[in-house]
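Engineer: After the structure tokens below, expect a handful of questions from me.
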């Protein structure tokens, strides 16, 4: 100022001083380690024992206060310097928010964010005191909106990751056979991740609404809208994520090419079953609870404009997960059925059925078939509830018998002396049953153990019938099919709730075999029983030996 009074040229000095102010901005910028040590709560246990003067927020505020005083002095000395000074101050505030945007991408809580926003707002007010015409509070509002939305988005991404981690643990445990009830453990963990995780972040977001920081008070409606929109987008993305985990996400498979197909092949059927039940849980339990909490604590908003409709539409989410649950349930049934169909295809395409030898024992494919059904039963018992026990048994009124030995061949008392006549009687009886029984074979799959197992069995028996129709059998080959199917009758019917339909489908397999047989003469009942009893005795021996 003295130099100016002496008319000394001070332009070079003005530029040097401004350069010094610009250089000092680097020291004032927020650092990640500083942000990690800043907390809204002065009683934070991590701060106990620390001297107030060493608190990052206190040190930072003192530095910014010095910078503000330097700006004030500069303005007095150089009155026409507002533009350069405003740019400097704006750069400082902008950098603060940019650093915070990166900071909130990590796992932080609302208390951490509040501590940082409080520190930034203090800087804004200090700048506003010395450069009032720049209206820094309004300028910072725009930047704070972006930061808050980034925080909400990041929080939901972490929640989705938690849910995904719980589900992938199901995959690993079940694949490695570590835990017998791995599916049940995984389902409970993922349920907790969805519901408790959602409740926790709502509680966290609530702190932003309850805080009296002027910046947040002004952005209250924005926070409400962001949380509501955040939940809507979160559940949409979770729906897509479930599809990807199940291997049903067609778009991602196309994008990834061959790699996508490989991922789909590696999906465990048990994981798909967990996704089905988790979707039901989200629709019936999680969404109603979240909706109730949002109505209580996050009502209002309206920044997005009424023409855009409500931010959170629980009905739409519920419909999506109801549909997803049904798709996953069907997908599980299809995966299990396809696996068994591979076994059946191999069984029926390998031997030469026209040269088949006389049956000596029940074929080993029956054991493999029952093992697969047992695996399905083990999985559904972990995940699905029991249904109403309603065994649909055959009654005499529908022209059939409940005897375990019932099959259309014996019912017709075929004559061994007249093969053509026997075949004619067989087909007549078969047609009569189609009209008289009116057995409803395929019903809607329900979320119960019995319904899923029954559907898998029905689809497998239909596959078995189709494989039989593609072969030509001699008498011995036909008798082998008769023996295998007769042995399957009891264990399969014990596993299902619709015995009438299963009986009907088993009979259909034998009828199909007779139609494709050159000489369809069945085994005599005593021989049939003897072979079945021999197989049962062998099975008991194997079980006692293994135990």
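The values are calculated or read from the model by the stated rules, or taken from the named source; none is laboratory data. The model shown is predicted, which means the values in this text are computed figures rather than measured ones. Cβ sites come from the backbone with ideal geometry, for glycine too, and all protein chains shown count toward neighbours.
Engineer: Report, by residue number, each residue of the range 53-85 that is surrounded by fewer than 15 Cβ atoms within 10 Å (Cβ to Cβ) and in a loop (DSSP other than H, G, I, E, B).
Structural biologist: If the condition is that a residue be surrounded by fewer than 15 Cβ atoms within 10 Å (Cβ to Cβ) and in a loop (DSSP other than H, G, I, E, B), then 79, 80 are the ones that fit.
Engineer: Follow-up question, since we're still on this one. May I ask you to verify whether residue 294 is at pLDDT 95 or above and in a helix (DSSP H, G or I)?
Structural biologist: no
Engineer: Please indicate, with yes or no, whether at least one residue in the range 320-339 is in contact with a strand residue (DSSP E or B) (Cβ under 9 Å, 6 or more places away or on another chain), assigned to a helix (DSSP H, G or I), closer than 30 Å to residue 517 by Cα and not assigned by TED's automatic domain parsing to the domain that holds residue 451. Walk me through how you get there before you give the answer.
Structural biologist: Of the range 320-339, the ones in contact with a strand residue (DSSP E or B) (Cβ under 9 Å, 6 or more places away or on another chain) are none.
Looking through the range 320-339, none of the residues is in contact with a strand residue (DSSP E or B) (Cβ under 9 Å, 6 or more places away or on another chain), assigned to a helix (DSSP H, G or I), closer than 30 Å to residue 517 by Cα and not assigned by TED's automatic domain parsing to the domain that holds residue 451.
Engineer: Somewhere in the range 369-380, is a residue closer than 30 Å to residue 149 by Cα and in contact (Cβ under 8 Å) with a residue 60 or more places away in the chain? Please lay out each step first, then the result.
Structural biologist: First pass over the range 369-380, keeping only residues closer than 30 Å to residue 149 by Cα: none.
No, the conditions are met nowhere in the range 369-380.
Engineer: Scanning for something touching a helix residue (DSSP H, G or I) at 6+ places or on another chain (Cβ under 9 Å), outside any helix (DSSP H, G or I) and at pLDDT 90 or above, does the range 530-540 turn up at least one residue? I'd like the intermediate steps shown before the answer.
Structural biologist: Of the residues in the range 530-540, the ones touching a helix residue (DSSP H, G or I) at 6+ places or on another chain (Cβ under 9 Å) are 531-532, 535-536, 539.
Remaining after also requiring outside any helix (DSSP H, G or I): none.
The answer is no, given that none of the residues of the range 530-540 is touching a helix residue (DSSP H, G or I) at 6+ places or on another chain (Cβ under 9 Å), outside any helix (DSSP H, G or I) and at pLDDT 90 or above.
Engineer: Now for a separate question. Among 92, 148, 113, 88, which is the only one that is farther than 21 Å from residue 27 by Cα, touching a helix residue (DSSP H, G or I) at 6+ places or on another chain (Cβ under 8 Å) and either exposed (fewer than 15 other Cβ atoms within 10 Å of the Cβ) or assigned by TED's automatic domain parsing to the domain that holds residue 72 (or both)?
Structural biologist: On the way: 92 fails: farther than 21 Å from residue 27 by Cα; 148 fails: either exposed (fewer than 15 other Cβ atoms within 10 Å of the Cβ) or assigned by TED's automatic domain parsing to the domain that holds residue 72 (or both); 88 fails: farther than 21 Å from residue 27 by Cα.
Step by step, each of 92, 148, 113, 88 is checked, and only 113 is farther than 21 Å from residue 27 by Cα, touching a helix residue (DSSP H, G or I) at 6+ places or on another chain (Cβ under 8 Å) and either exposed (fewer than 15 other Cβ atoms within 10 Å of the Cβ) or assigned by TED's automatic domain parsing to the domain that holds residue 72 (or both).
Engineer: Within the range 381-403, does at least one residue satisfy the condition of being modelled with pLDDT of 90 or more, surrounded by fewer than 18 Cβ atoms within 10 Å (Cβ to Cβ) and either over 14 Å from residue 498 (Cβ atoms) or touching a helix residue (DSSP H, G or I) at 6+ places or on another chain (Cβ under 7 Å) (or both)? Break it down into steps so the answer makes sense when it comes.
Structural biologist: Of the range 381-403, the ones modelled with pLDDT of 90 or more are 381-385.
Subsequent filtering for residues that are surrounded by fewer than 18 Cβ atoms within 10 Å (Cβ to Cβ) retains 381, 385.
Next, from what is left, pick out any that are either over 14 Å from residue 498 (Cβ atoms) or touching a helix residue (DSSP H, G or I) at 6+ places or on another chain (Cβ under 7 Å) (or both): 381, 385.
The answer is yes, given that some residue of the range 381-403 is modelled with pLDDT of 90 or more, surrounded by fewer than 18 Cβ atoms within 10 Å (Cβ to Cβ) and either over 14 Å from residue 498 (Cβ atoms) or touching a helix residue (DSSP H, G or I) at 6+ places or on another chain (Cβ under 7 Å) (or both).
Engineer: Something else now. Pick from 362, 342: which is touching a residue at least 40 places away in the same chain (Cβ under 8 Å) and either part of a helix (DSSP H, G or I) or not assigned by TED's automatic domain parsing to the domain that holds residue 534 (or both)?
Structural biologist: Values: 342 fails: touching a residue at least 40 places away in the same chain (Cβ under 8 Å).
Unique residue meeting the criteria: 362.
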